[in-house]
Each structure stands twice: as C-alpha cells, then as structure tokens.
Amino acid sequence: MNSSPRTTLHFTLAVAILAASGGFLAAGKQKGWFIVIKKSLPIRKPLTDMDQKAIAPWKLLSAGKLSAENEGEVGTQEYLQWAITDPNGTGERHRPIHFTVFYYTGVQDQVPHVGEECLFQGGMTQAAPKEILDWDMPTARQKVQVGRVMFDDTKQGGVRLLNYYTICVNGEFWGDRNPVRLKMADPRDTHLYYCKVDVSIQTSPLAELAELDAIAKEVLDKGIAELIRAHWPIKGWERGGPPETGKQAT
C-alpha cells in the first residue's frame, strides 16, 4: 500500500520526536536530572563507634565534631572526622593526616560533594589534574576506584594538600561523581545508601607521591574493611532491604 506524503511526514516526525526524547532521557539520566528517592538503608553501627584498633598502627589524635550549621550544610549527622598518625613511623607517616567518612541515605540531594570542589571553594590552586586510581585493597578484599586531587595553598607558600576519596554506592566504589549518579539510578536497587570515604594529607610540594599514595591506600584499605565488617548495610540489602524490618545484622 502506497503511503501518502502526509502519512510519510507524520511518520518521519514521530521517529524524530522519539529519537529526541530518547536522547533527552539518556542525557537526563547521565546528568542526574531525573532522581528517584529510593528507600533508606540505615547504617548498622554508628560511625562514632568505629573501632580505632581497625586502623592500627595508625593512632587517633583527635575526633572532630561539626557545628549544627555545618552538619546542615554537609547534609548528614552520620560522619567521622579523625586526625591520625603513625607514632612509630617516620617521614610522611609521622605527619597528622585526616580520615573522614560521611554516610547518606534517604536524602533528597543525591549529588555527593567531592574534594576538588571544596578545595576550589577554599581558594586553593590545583597543582595537577585529577587522577582516577584503581587500587586492590587486600584487607577489604575489594577493588576500589579512588580519585586523587592535588592542590597548593596560595596563602601559605610550600603547602600542598592531597585528597584521596572514594564514594561507595550500595557496595560499589567510584572515584568520580558521574558513575556514582548512574549507580544511584540503577532500577534494580530498591534501597540506597552512599558513603564518601577520604584521606587528606597536608605536606610539601617536594614530598614523594609514591609514599603519599601508599599511606592513603593503607588507611583507606583498613578503614573500608572495618566499614564493610561492622557499619555499612550488608551487600544485597539494596535489592529488597534487610531480611526483616528493623533487624540489624552483626
């Protein structure tokens, strides 16, 4: 049967509209325009109760507490801010470093903060492009993607800050926000949590990068292992939730 010019035009327009809609939806999913708030996955054990022995030989120097205003800005009250050091270490290991963890679930704003954003806002100058590192964590028994950013403090000459971070989304680890957003939108997951874990080291521009990487990897490995063991929801709970409402695994 021959198609009339009008029918052909309508068909062509319909195909064009569908193609444009598909492209818009794909772009929206990638950019996080369409956010579905999934069910909460409460943490199993408060971060403030984290076992300090889990990160040995690193020792706790101090534990930070945010003001109510700052807690509102970061969007969670479930966090950990430790200053730690290796008392028997030398060189960079003997410096105080910062180990922080921020846990989120059931939140409206599902765009996690990242280190480079905060450092830019703090007036620091980026010293090198961001790198994505894929590290095998022997203690955590995980392959973890880590973002490494490096900034210089223009107000204090000779001060460099390295920030290493990973964002765990329902048990998967990413060093950048784009894959985090895609994982958050996974239609197979009925529940959602995400947790940003990072290590910050203040040093000098002359410090050996390999040594700093080794420190960050060690602390992240030990910290993540303990978070998996005692704090984060059990892998699998993101699809259907805990086995029984209100029951926490140990």
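The values are calculated or read from the model by the stated rules, or taken from the named source; none is laboratory data. Since we're looking at a predicted model, the values are computed, not measured. The protein model used for the area step is the full one, side chains on, heavy atoms only, and it has no ligands, DNA or RNA in it. Shrake-Rupley method; radii C 1.70, N 1.55, O 1.52, S 1.80 Å.
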Expressed as cubic angstrom per residue, what is the convex hull volume of the alpha carbon set of segment 175-250?
110
Cα-based equivalent ellipsoid of segment 124-250: semi-axis lengths in Å, sorted from largest, via gyration tensor
32, 16, 12
Per residue, accessible area of segment 134-218 with a 1.4 Å probe, heavy atoms of protein chains only, in Å², comes to 42
Averaging sequence separations of C-alpha pairs under 8 Å and six or more residues apart, then dividing by the length of segment 180-250, give the relative contact order as a whole percent.
44
